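**Student:** Starting off with a structure, shown below.
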Number of protein chains: 6
Amino acid sequence: MSIFKTISEKQARGKVKKIYEDIKKTRKIKKIPNFWKTIANDPDTLERTWNSLQQVMKKGSLDQLTKELIYVAVSMTNSCEYCIRSHGLAAKKKGMTDKMFKELIAVVAMANETNRLVESYQVEVDSFLK
Amino acid sequence: MSIFKTISEKQARGKVKKIYEDIKKTRKIKKIPNFWKTIANDPDTLERTWNSLQQVMKKGSLDQLTKELIYVAVSMTNSCEYCIRSHGLAAKKKGMTDKMFKELIAVVAMANETNRLVESYQVEVDSFLK
Amino acid sequence: MSIFKTISEKQARGKVKKIYEDIKKTRKIKKIPNFWKTIANDPDTLERTWNSLQQVMKKGSLDQLTKELIYVAVSMTNSCEYCIRSHGLAAKKKGMTDKMFKELIAVVAMANETNRLVESYQVEVDSFLK
Amino acid sequence: MSIFKTISEKQARGKVKKIYEDIKKTRKIKKIPNFWKTIANDPDTLERTWNSLQQVMKKGSLDQLTKELIYVAVSMTNSCEYCIRSHGLAAKKKGMTDKMFKELIAVVAMANETNRLVESYQVEVDSFLK
Amino acid sequence: MSIFKTISEKQARGKVKKIYEDIKKTRKIKKIPNFWKTIANDPDTLERTWNSLQQVMKKGSLDQLTKELIYVAVSMTNSCEYCIRSHGLAAKKKGMTDKMFKELIAVVAMANETNRLVESYQVEVDSFLK
Amino acid sequence: MSIFKTISEKQARGKVKKIYEDIKKTRKIKKIPNFWKTIANDPDTLERTWNSLQQVMKKGSLDQLTKELIYVAVSMTNSCEYCIRSHGLAAKKKGMTDKMFKELIAVVAMANETNRLVESYQVEVDSFLK
């Protein structure tokens, strides 16, 4: 069970209600996921997070699929199950195939291995990298 | 200083020498970076890591640039300076612009924030995500 | 299921029994929580951890509520569900309101984001900070 | 060296210039710290981070000193040197004494130890904690 | 539920089938554990991981039990339940007693504490350690 | 520079002086390492840490070398340079050869990789592991 009860769409008032509607419209979904219904306990955090995500995840020099893949890679490194699943689904909606998902996992695992090789051996930064 | 001295190209023998040559040829570089020269202290690890990286990072359903971006994202989450710099450079060689790099950082930072929101609130996995 | 079975109050002998009684008296609780009943499998670790916690968490220049908030902040960053819940409860008993809990989470999440911004950009330490 | 050069106050234009002035006025400082001058390479991230921090770190149910202590606790758990130093200084300005700093460190270290005890023993969440 | 369905022994073909047989023979087990049946979704990763583990975990200057203890220590620090349990079992098969397991946990927890003391105080590396 | 100045042997008084002498005698060393001289700023933490380490790291079912190897493995996973170096030296004094050190690193890196494979694929715990 989450630490605070989720705020259902029926219970939503004011700022929370408005953001719920924005989420459903923008994401083209019919039900608000638990992430938003949980952080809605703190309306300022709900608003700030929703606005920040809109800005950070919008198409830029990187396309939206690539951004979702990066999001999943971070979530895997932090072992955040909810985040892997929700951004995994978001990535699928933007075109990630199963084959891409498996390649993503292989890269994430490999990077975690070589990160530790570097730190364990205390590899010195090459002068051409500074 | 690294834990073990680097193995210079002059000192390289047998398996190490062969892999050094393969690295220079494959990567089209003239000098072996410290990462390889350091893990060369353990020739089996050098060989296994080089072969694994070749396999994992080759073009697949994900292109090589996307794979490098994922690599950098993991390295940032693990705070591995060497890895950020070396795979950042690799990503640049494959087409990452400065603007893409900054967007990558923004996504990585944001993902780290929402990962903690999820874990702090103990958000329950929605049934549609299972 | 935990790796080792918990040691019930009935099973407790010697050092373990004495510490269980001390925990119940000091904490004014009637049942020993699973944390203590699990680490009781290693009586030395039980004793050392109980004594250390008593010393570290007692009122000092920081009051006990602030110390519990810090404890929860670390547990959130490490994604330790049990620790978030048990020290969250301890904080509540010492005066943490729901509003304080939500502010705590917002700070923890934000700090995790800027920590990664710093590491990703490799921000140099200002001379006035050294 | 940081990944991107810092943006000096002289180089600052538009949004960046305005935020630099806001930082100096709000924080009552004469020089912009490297954190802001580095992330200024991405003006949107600069603006979002500055606004978010203002909102999250303002006095609420938790006072500003407590929020800074929590910030430092997270930064210590993530081993972010810059963040420990900069938010350590911010905490000092808000009243943290050396004695409080040492108590903070003791709590952070202890929490990291018991977090691992819990995860290593796989302690089950007590029913009264759910 | 895992992200991809496990590949049962009946479904296994080609490379996967061959590795499943090798695992059963080498490990002297009758059923393939979920780890292998899950990563079998990516046959290259299955093959690479199996071969790498064979090489890394074989008796060398360190005996196999010591290697398993190290594996568990890393898994505890990363809070990976599956890994703690599976390598914990592997260690038991190689001679780890319950008493050794508890001592292992005590060392892991203590190391996590002093790691944070070092990073929080920013202890300088002694010249004799460089 | 560390956050607090180290407490030199000349400056040491009372509890700190006594522990410094105990450290030198027990460890058979002539100079107190920076770790102890830094945490001596908080005499209670110095005393608690010294006593705890004595208890946790003493020969038990696991010998002292194995315990040091585990300590280093945790420190590598947490990227704590000081801890890798100081416990690496302690392990050498207790018999760790260079070959053993390299094998230790290979196991640590590999475990970090498979930990992420497990978390990324969300591998389900086999019933025989529960």
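The values are calculated or read from the model by the stated rules, or taken from the named source; none is laboratory data. Predicted, not measured: the structure shown is a model, and the values here were computed from it. Neighbour counts are summed over all protein chains in view; Cβ atoms, including those assigned to glycine, are modelled from backbone coordinates with ideal geometry. Surface areas here come from the heavy atoms of the whole protein model, side chains and all, with no ligands, DNA or RNA. Shrake-Rupley method; radii C 1.70, N 1.55, O 1.52, S 1.80 Å.
**Student:** Span-like helices, chain B: DSSP H, alpha-carbon axial extent 24 Å or more, mean Kyte-Doolittle -1.0 or greater, which ones?
**Tutor:** Helices meeting the span and hydropathy rule in chain B are B:98-121.
**Student:** Let me ask something additional. Rounded if a/c is under 1.5, else prolate if a/b beats b/c, else oblate: with a ≥ b ≥ c from the C-alpha gyration tensor eigenvalues square-rooted, which is the range C:1-108?
**Tutor:** Prolate shape, in that a/c is at least 1.5 and a/b is the bigger ratio.
**Student:** Calculate the spin-label point distance for D:LYS93 paired with E:GLU9, positioning each point 7 Å from the Cα along the beta-carbon direction, and give it in nanometres.
**Tutor:** 6.6
**Student:** Per residue, how much accessible surface does chain D expose to a 1.4 Å probe? Answer in Å², no decimals.
**Tutor:** Numbers: 5430 Å² over 130 residues.
About 42 Å² of surface per residue is accessible.
**Student:** Next question. For a distance above 34 Å, tell me the whole-number percent of Cα pairs in the protein assembly as shown that qualify.
**Tutor:** So the pairs more than 34 Å apart make up 48 percent of the total in the protein assembly as shown.
**Student:** Rolling a 1.4 angstrom probe over the protein chains, ignoring ligands and nucleic acids, what is the accessible area of C:ARG27 in square angstrom, nearest 10?
**Tutor:** Accessible area of C:ARG27: about 110 Å².
**Student:** Hey, got the Cα dimensions of the range D:20-61 along the principal axes, in Å, largest first?
**Tutor:** Between the extreme Cα coordinates on each principal axis of the range D:20-61 lie 34, 23, 14 Å.
**Student:** Using a 10 angstrom cutoff on alpha carbons, build the Gaussian network for chain C and name the most mobile of C:THR77, C:THR45, C:THR114.
**Tutor:** Among C:THR77, C:THR45, C:THR114, the largest GNM mean-square fluctuation belongs to C:THR114.
**Student:** Please give me the summed charge of the neighbours of C:LYS31: other residues whose Cβ is under 10 Å from its Cβ, Lys and Arg +1, Asp and Glu -1. Can you show the working numbers first?
**Tutor:** Values: positive: C:LYS24, C:LYS30, C:LYS37; negative: C:GLU9, D:ASP126.
Here the charged neighbours net out to +1.
**Student:** GNM, chain D, Cα, under 10 Å: largest mean-square fluctuation among D:ASN34, D:ASN115, D:ASN51?
**Tutor:** Maximum among the listed residues: D:ASN115.
**Student:** Leaving ligands, DNA and RNA out of it, report the carbon-plus-sulfur percent of the accessible area of the range C:38-130 at a 1.4 Å probe.
**Tutor:** Solvent-exposed carbon and sulfur of the range C:38-130 make up 46 percent of the total.
**Student:** Also, I was wondering about something else. Determine the principal axes of the Cα atoms in the range D:49-130, then give the extent along each, sorted from largest to smallest and rounded to whole angstroms.
**Tutor:** That gives 40, 26, 22 Å along the principal axes, largest extent first.
**Student:** Ignoring everything but the protein chains, give the 1.4 Å probe accessible area of A:THR66 in square angstrom, nearest 10.
**Tutor:** 10
**Student:** B:LYS15: which aspartates and glutamates have alpha carbons under 17 Å from its alpha carbon, excluding same-chain residues fewer than 8 sequence positions away?
**Tutor:** Cross-link targets: B:ASP42, B:ASP44, B:GLU47.
**Student:** Follow-up. Most mobile of B:MET57, B:MET110, B:MET76 per a Gaussian network model of chain B (Cα springs, under 10 Å)?
**Tutor:** For chain B, modelled as a Gaussian network with Cα springs under 10 Å, the answer is B:MET110.
**Student:** Net charge within 11 Å of F:PHE128 by Cβ-Cβ distance, Lys/Arg positive one each and Asp/Glu negative one each, not counting F:PHE128 itself?
**Tutor:** With Lys, Arg at +1 and Asp, Glu at -1, the net is +3.
**Student:** Also, quick follow-up: With every protein chain present, what accessible area does C:CYS83 have (1.4 Å probe, heavy atoms only), rounded to the nearest 10 Å²?
**Tutor:** 10
**Student:** Divide by every residue of the protein assembly as shown the summed helix terms, -39500 (n - 2.57) for each DSSP H run of at least 4, and state the resulting mean residue ellipticity at 222 nm, rounded to the nearest 500 deg cm²/dmol.
**Tutor:** Calculated mean residue ellipticity at 222 nm is -21500 deg cm²/dmol.
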